[in-house]
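The values are calculated or read from the model by the stated rules, or taken from the named source; none is laboratory data. Everything numeric here is computed off the predicted structure, so don't read it as measured data. In this analysis, Cβ positions are derived from the backbone assuming ideal geometry, glycine residues included, and neighbour counts consider all displayed protein chains. For the accessible areas, the whole protein counts, side chains as well, though only heavy atoms, and no ligand, DNA or RNA atoms are used. Shrake-Rupley method; radii C 1.70, N 1.55, O 1.52, S 1.80 Å.
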Amino acid sequence: MQQIESIILYCSNQINRERTIYSIYHLLNGKKSSQTIQDAHLFSLKKFFGIYDQLSREDFEEIIQGMLNKSWMKIIGNHRYCLTSHGMTLLEAGQLPEYINGWNYNHVTNLFWERLSLLIQVVSNIMFGETKYIPIQKNQEVHKWIKFFLKNVNIPKIEIGSTAYSELLECFKAGSSVDPSLVVFRLTGFHQIGLTPHQAARQLNLNIHDYQIGFTNTLHYLLSYIKEDGKQYKILPYLIYDLMQNDELTLTTRKTQRLLNQGYTLDMIANIRKLKLSTIEDHLVELALNMEGFSIDSYVDKELQKEILEISQRIATKQLKLIREKIMNATYFQIRLVLAKYGDR
């Protein structure tokens, strides 16, 4: 079974018929909608958020059709699918990527790769005394970063290449289940052009989807290892310099939060920011999702909070419509807030 299929089976099982199959597509793509962000939390799928933004809708539908043809899933109506008993057996026997952490790393994965690939190209050419070559990355911010690195790294230039090699080697040795070739085959160096994703997939005899997920899994492993255990290294910490901000809030939600802290009501904030009230409500849901100390008591009284949670648990659903049918005095916004605050706990 392919890794992409294992992930889709897992996500489908977690969603448990409560969302359409396209909610999984939006999750893997990292769609920045309030619905997708809330689903990632509610169904405990944050690690898969934004891990495969290259996946096209057509390819996703082809994968789903293949799983239907193999009787791993079945249609239950309105773009909703569930696992068959065979699909459940495969899910229980399958393995998910060990280091994937889309919620923490999807926004920095591409930049980390651009830095790593340019670093290897530059230090490789320095080792061989080559000064005339075309940079593998065009991003000017990455060019500024490599200049910052070369100016600040406290190692003789001639030793940078061997030091980078030994640090990466040690890094990969610590991750027994990662395959370095997924990344190494893509690297460009002195008189050596890195492979494209499709070329690397063919070289490793992998389906392109599994290659892309394996590649991301390996980059997430490196990001995590450098962040947690890389302080003793001289070069690798520069790769994540200024990337790990630990701030899960979007910039627009931060602006709304500042106005809330100044005492403005939601209607006033919508007028000030010239946004729809529903957009400001989305920002509050994001605050409830990401800030443990954020109080929703001003918007939903405690008795109603308790009632919403009890109904959600009793009828075993996170579908807003089904919950509201049982509690007509609650608005959709109030239900979303309560589920955002407590729904995955």
Taking the range 67-90, which residues are open to solvent by 20 Å² or more (accessible area, probe 1.4 Å) and under 23 Å from Gly30 (Cβ atoms)? His79, Arg80, Tyr81
Cβ-Cβ under 6 Å pairs, at least 6 apart or on other chains, the range 86-105 side in contact (Cβ under 8 Å) with a residue 60 or more places away in the chain, far side small (Gly, Ala, Ser) and outside any helix (DSSP H, G or I): Glu98/Ser177; Gly102/Gly50
For the condition surrounded by fewer than 19 Cβ atoms within 10 Å (Cβ to Cβ) and in contact with a Ser or Thr (Cβ under 9 Å, 6 or more places away or on another chain), what is the one hit in Gln203, Gln199? Gln203
The range 259-283, subset part of a helix (DSSP H, G or I) and open to solvent by 80 Å² or more (accessible area, probe 1.4 Å), residue farthest from Asn152 (Cα to Cα): Asp267
Being modelled with pLDDT under 95 and of a type in the set (A, V, I, L, M, F, W, C) is the filter here, so list the residues in the range 22-44 that pass it. Ile37, Ala40, Leu42, Phe43
Test result for Lys234, within 30 Å of Leu195 (Cβ to Cβ), open to solvent by 60 Å² or more (accessible area, probe 1.4 Å) and at pLDDT 90 or above: yes
Looking only at the range 162-182, and only at residues there that are under 12 Å from Ile120 (Cα atoms) and without any contact (Cβ under 8 Å) to a residue 60 or more places away in the chain, the one that is nearest to the chain's Cα centre (by Cα): Tyr165
Subset of the range 1-39 (residues that are in contact (Cβ under 8 Å) with a residue 60 or more places away in the chain, over 16 Å from Ile213 (Cβ atoms) and crowded, with 23+ Cβ neighbours inside 10 Å): Ser12, Arg19, Ile37
Is it the case that the range 175-191 has a residue that's part of a loop (DSSP other than H, G, I, E, B), on the phi > 0 side of the Ramachandran plot and open to solvent by 30 Å² or more (accessible area, probe 1.4 Å)? yes
Pairs with Cβ under 6 Å, 6+ apart, first in the range 301-325 and more than 20 Å from Gln35 (Cα to Cα), second in a helix (DSSP H, G or I) and open to solvent by 50 Å² or more (accessible area, probe 1.4 Å): Ile311/Lys326
I need a count of the residues in the range 289-300 that are within 25 Å of Trp103 (Cβ to Cβ), free of Cβ contacts under 8 Å to residues at least 60 places away in the same chain and open to solvent by less than 30 Å² (accessible area, probe 1.4 Å). 1
When you scan the range 81-96, do you find a residue that is out of contact with any helix residue (DSSP H, G or I) (no Cβ under 6 Å at 6 or more places or on another chain) and of a type in the set (D, E, K, R), even just one? yes
Looking for something modelled with pLDDT under 95, among the small types (Gly, Ala, Ser), under 30 Å from Leu249 (Cα atoms) and within 10 Å of the chain's Cα centre (by Cα) - is there at least one such residue anywhere in the range 45-61? no
Output the residue which, of all residues in the range 326-345 that are open to solvent by 50 Å² or more (accessible area, probe 1.4 Å) and outside any loop (DSSP other than H, G, I, E, B), is farthest from Ile37 (Cα to Cα). Lys326
Among the residues of the range 243-258, are any open to solvent by less than 50 Å² (accessible area, probe 1.4 Å), under 21 Å from the mean Cα position of the chain (by Cα), hydrophobic (A, V, I, L, M, F, W, C) and within 30 Å of Ser176 (Cβ to Cβ)? yes
Looking only at the range 148-171, count how many residues are open to solvent by 90 Å² or more (accessible area, probe 1.4 Å) and within 19 Å of Asp242 (Cβ to Cβ). 2
Identify the residue in the range 301-325 that is closer than 18 Å to Phe43 by Cβ and part of a loop (DSSP other than H, G, I, E, B) and, among all such residues, is most open to solvent (accessible area, probe 1.4 Å). Ala316
Would you call His209 touching a Phe, Trp or Tyr at 6+ places or on another chain (Cβ under 9 Å), surrounded by fewer than 14 Cβ atoms within 10 Å (Cβ to Cβ) and modelled with pLDDT of 95 or more? no
